[in-house]
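Chemist: Below you will find the structure I want to go over with you.
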Amino acid sequence: MTLVKWNPNRSLISDFDRIFDNMFNIDFPLYSKENSYYPPVDVDETEKEFILSADIPGLKKEEVSIDIHDGVITIKGERLNQDRKSFDSYRIHERQFGSFNRSFRLPDNVNEDKIAAKFESGELLITLPKTKEIKPEVKQIKIS
């Protein structure tokens, strides 16, 4: 049996990371599919809002869509490889092409009616304002 020294700071950090990841249901893919890619997304939180920032270079705002359904926000788009048909002659190929689809579960304290998005210079910024009213986790039903 191996003894491991308990570090309370490490425990708190990993618990916070787990809670934060579960709150947003962030899924980091290990492998990308051949015709898809995953643009990097940052999530920031202030006192008044959450901010989702996605790097989506090479697309126009008309080629990106944002949907909200059942408390999940989804960012979709597609970057086509129009100039080059084959990657066989490349020595290095790091740019990604294809479709993407990123989804995040919204926290209960987000005001879905006031979500706004801005797309500029290949960066998508989505502001998710917080509401002062937090939905109760448990709802009591009266029995008649």
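Here, each number is a calculation from the coordinates, and none is a lab measurement. The structure displayed is predicted, hence computed values, not measured ones. In this analysis, Cβ positions are derived from the backbone assuming ideal geometry, glycine residues included, and neighbour counts consider all displayed protein chains.
Chemist: Using a basic spin-label model with each label point 7 Å from the Cα along Cα→Cβ, how many nm lie between residue 91 and residue 142?
Modeler: Calculated label separation equals 7.7 nm.
Chemist: Step through the table entries 48/118; 48/114; 60/130; 61/132; 76/130, compare each Cα-Cα distance with 21 Å, and write down the pairs that go over it.
Modeler: Distance filter (> 21 Å) returns 60/130; 61/132; 76/130.
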